[in-house]
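Here the structure is laid out as structure tokens; the discussion comes afterwards.
The values are calculated or read from the model by the stated rules, or taken from the named source; none is laboratory data. This one's a predicted model, so the numbers in the text were calculated from it and none came from an experiment. Counting neighbours? That spans all protein chains shown, and the Cβs are built from the backbone with ideal geometry, glycine included.
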2 protein chains.
Amino acid sequence: MISIVILGTGNVAKHLFDAFMTQNGIEIIQLYGRTQNALSYFNNQVNTTTDLSKIKTADIYLVAISDDAISEVSKFLVGKKGLIVHTSGSIPMSALPHKHRRGVFYPLQTFSANRKVNFKEIPICIEVENEEDNELLNELASAISDNVIQIDNDQRKALHLAAVFANNFTNHMYHTAQEICLQNDVSFELLFPLIKETASKIQDLSPLDAQTGPARRSDTGTLEKHLTQLKNKKHKKIYTLLSESIRKTYGKKL
Amino acid sequence: MISIVILGTGNVAKHLFDAFMTQNGIEIIQLYGRTQNALSYFNNQVNTTTDLSKIKTADIYLVAISDDAISEVSKFLVGKKGLIVHTSGSIPMSALPHKHRRGVFYPLQTFSANRKVNFKEIPICIEVENEEDNELLNELASAISDNVIQIDNDQRKALHLAAVFANNFTNHMYHTAQEICLQNDVSFELLFPLIKETASKIQDLSPLDAQTGPARRSDTGTLEKHLTQLKNKKHKKIYTLLSESIRKTYGKKL
């Protein structure tokens, strides 16, 4: 049995909480949040506190809070014997208290308030300072995921950056597509099957080979027509830069 | 029974051919391709020809060829009584022969050589010049898809443009993410669950509300760190422009 304290009440904390609650080998002995209001979801399920000086003793402290607060909040864990880990992709392990057992537990997924995720397939990227903590953190991660990997700080930072392209920027492309649909009185939902297929395809075909469209074909006629069609300056800029980037990728200049 | 002749041997033609072949109410009476080689997939299944002067008489001629060739190839259908339609999202119906029954049959999906698609959910956008052809083209489309809609030329052009963002540019984001992974010795496959969830999420949550990440939060610290991390100039440019665009979307300037 691994005992854990979760610090945080946001989407990551909530999803991890739900996932661990269903595991027999893991006991969440406490959950910390800044306000009683933030704790409402957890109150009836587990011991909670808003007081950082009242954190219980546990095998692992899971600091699942915003990047900016990790360093400050984890100072309150100074003196604890357990393993202290944060869940951030972009913050180094060294942000946690020195001379303590520490590590990182980074689930590579986007978490939203009202969407269930299948933790079994979510990669959990772990890192520990002391080799002897590896087994413990691996056991915790393996309880909820079939995809646990050990990566170092540089690799995790790279993954986090790659995720900005694969998730944040991709979502912004969806948003732009929706704006174009709205401006032209067509339903954005018509694009759902295309969006789904685009995301699925790359599991069989590398994105380099999967690329299609006017920029890939260097079809300057269509590229020019599209630029004329776009009324929004922001859309034009994105269209121009990404088309140029695609053409450069395939060895042709605009 | 609707009889059709398909002109074209590319991915769209092949996928439509496969879909229609399984329908009892549709008879493909001929398939045209430019070379015998291109026809090899079809030869044993249907009458084929490489000679545009030998096109048989049919209810519908489906011109599923590259945009640039639609006008030229469809000239060979002058004098035919049937309905002539092309499958392009960006070419107007008027590219087909004048004084003929004509229309557009645009399946909104990305088609790859070795991937099966579920036609039932693919939107097929139809347009006809003469109202009386509407029923016929609708019957053809409904034979393979549960999602047939009538849209005009401007709407179709807008959808095609929106699809460039939702498919072509999104795929380029995947490619860039893969490059970053390769450069940092982490597996691109670790991003697959994230990519899948990003694409699924927008069916419940509009992309405007689904947006996350440092640009959305105006987290300048992370934005700067990411720009330092990126070694490739092309990646830097994309990162800067899209982060700026996201921040403008949410009312904050870089």
Tell me, please, whether a residue that is of a type in the set (A, V, I, L, M) and either in a loop (DSSP other than H, G, I, E, B) or in contact with a Lys or Arg (Cβ under 6 Å, 6 or more places away or on another chain) (or both) can be found in the stretch A:167-186.
-> yes
Which residues, counting only those in the stretch B:222-231, are in a loop (DSSP other than H, G, I, E, B) and at the interface with chain A (Cβ under 10 Å from one of its Cβ atoms)?
-> B:Leu230
If we ask which residues in the stretch A:232-254 are at the interface with chain B (Cβ under 10 Å from one of its Cβ atoms), over 15 Å from B:Thr240 (Cα atoms) and among the hydroxyl-bearing types (Ser, Thr, Tyr), their number turns out to be 2
Within the stretch A:120-142, work out how many residues are of a type outside the set (A, V, I, L, M, F, W, C) and not in a helix (DSSP H, G or I).
-> 4
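Yes or no: the stretch A:70-77 includes at least one residue that is outside any loop (DSSP other than H, G, I, E, B) and under 21 Å from B:Gly213 (Cα atoms).
Looking through the stretch A:70-77, at least one residue is outside any loop (DSSP other than H, G, I, E, B) and under 21 Å from B:Gly213 (Cα atoms).
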Failed condition for B:Ser200, given (1) touching a Lys or Arg at 6+ places or on another chain (Cβ under 9 Å); (2) under 18 Å from A:Ser112 (Cβ atoms); (3) within 7 Å of chain A (Cβ to nearest Cβ), with all others met?
-> (3)
Scanning the stretch B:187-197 for residues that are free of Cβ contacts under 8 Å to residues at least 12 places away in the same chain and at the interface with chain A (Cβ under 7 Å from one of its Cβ atoms) gives B:Leu190, B:Phe192, B:Pro193, B:Leu194, B:Lys196, B:Glu197
Report, by residue number, each residue of the stretch B:55-68 that is at pLDDT 95 or above and either more than 16 Å from B:Ser3 (Cβ to Cβ) or aliphatic (A, V, I, L, M) (or both).
-> B:Ile55, B:Ala58, B:Ile60, B:Leu62, B:Val63, B:Ala64, B:Ile65
Flag for A:Glu224 being free of Cβ contacts under 8 Å to residues at least 24 places away in the same chain and farther than 20 Å from B:Ala177 by Cβ = yes
If we scan the stretch A:79-90, do we find a residue that is part of a loop (DSSP other than H, G, I, E, B), out of contact with any helix residue (DSSP H, G or I) (no Cβ under 6 Å at 6 or more places or on another chain) and buried (at least 18 other Cβ atoms within 10 Å of the Cβ)?
-> yes
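In the stretch A:156-178, is there at least one residue being more than 7 Å from every other protein chain (Cβ to nearest Cβ) and within 25 Å of A:Ser94 (Cα to Cα)?
The answer is yes, given that some residue of the stretch A:156-178 is more than 7 Å from every other protein chain (Cβ to nearest Cβ) and within 25 Å of A:Ser94 (Cα to Cα).
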Could you give me the residue pairs with C-beta distances under 9 Å whose first residue belongs to the stretch B:125-152 and is more than 12 Å from B:Ile60 (Cα to Cα), whose second residue is among the polar types (S, T, N, Q) and assigned to a loop (DSSP other than H, G, I, E, B) wherever it lies, and which are 6+ apart or on separate chains?
-> B:Ala143/B:Gln23; B:Ala143/B:Asn24; B:Ile144/B:Thr22; B:Ile144/B:Gln23; B:Ile149/A:Ser187
Among the residues of the stretch B:213-254, write down those that are acidic (Asp, Glu) and either within 29 Å of the chain's Cα centre (by Cα) or closer than 18 Å to A:Asn232 by Cβ (or both).
-> B:Glu244
Quick one: how many residues across the stretch A:187-221 are in contact with a Leu (Cβ under 9 Å, 6 or more places away or on another chain), under 15 Å from B:Phe169 (Cα atoms) and assigned to a helix (DSSP H, G or I)?
-> 2
Considering residues of the stretch A:143-155 that are in a helix (DSSP H, G or I) and out of contact with any Lys or Arg (no Cβ under 9 Å at 6 or more places or on another chain) only, the residue farthest from the other protein chains (Cβ to nearest Cβ) = A:Ala143
Scan the stretch B:91-116 residue by residue and report those that are assigned to a loop (DSSP other than H, G, I, E, B), within 24 Å of A:Lys225 (Cα to Cα) and either touching a residue at least 12 places away in the same chain (Cβ under 8 Å) or touching a strand residue (DSSP E or B) at 6+ places or on another chain (Cβ under 9 Å) (or both).
-> B:Ile91, B:Pro92, B:Leu96, B:Pro97, B:Leu108, B:Gln109, B:Thr110, B:Phe111
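Okay, residues lined up against (1) out of contact with any Gly (no Cβ under 7 Å at 6 or more places or on another chain); (2) within 26 Å of A:Phe111 (Cα to Cα); (3) crowded, with 23+ Cβ neighbours inside 10 Å:
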site	(1), (2), (3)
B:Ile149	yes, no, no
B:Asn153	yes, no, no
B:Phe165	yes, yes, yes
B:Asn184	yes, yes, no
B:Arg216	yes, yes, no
B:Gly221	yes, yes, no
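Is it the case that A:Gln183 is more than 7 Å from chain B (Cβ to nearest Cβ) and of a type outside the set (A, V, I, L, M)? It would help to see each step written out before you state the result.
Working: more than 7 Å from chain B (Cβ to nearest Cβ): yes; of a type outside the set (A, V, I, L, M): yes.
When the stated conditions are applied, A:Gln183 passes them.
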For the stretch B:12-32, state whether one or more residues are in contact with a helix residue (DSSP H, G or I) (Cβ under 8 Å, 6 or more places away or on another chain), at negative phi and in a loop (DSSP other than H, G, I, E, B).
-> yes
Among the numbered criteria (1) facing chain B (nearest Cβ under 9 Å); (2) surrounded by 15 or more Cβ atoms within 10 Å (Cβ to Cβ); (3) of a type in the set (Asp, Glu), which single criterion is violated by A:Glu127?
-> (1)
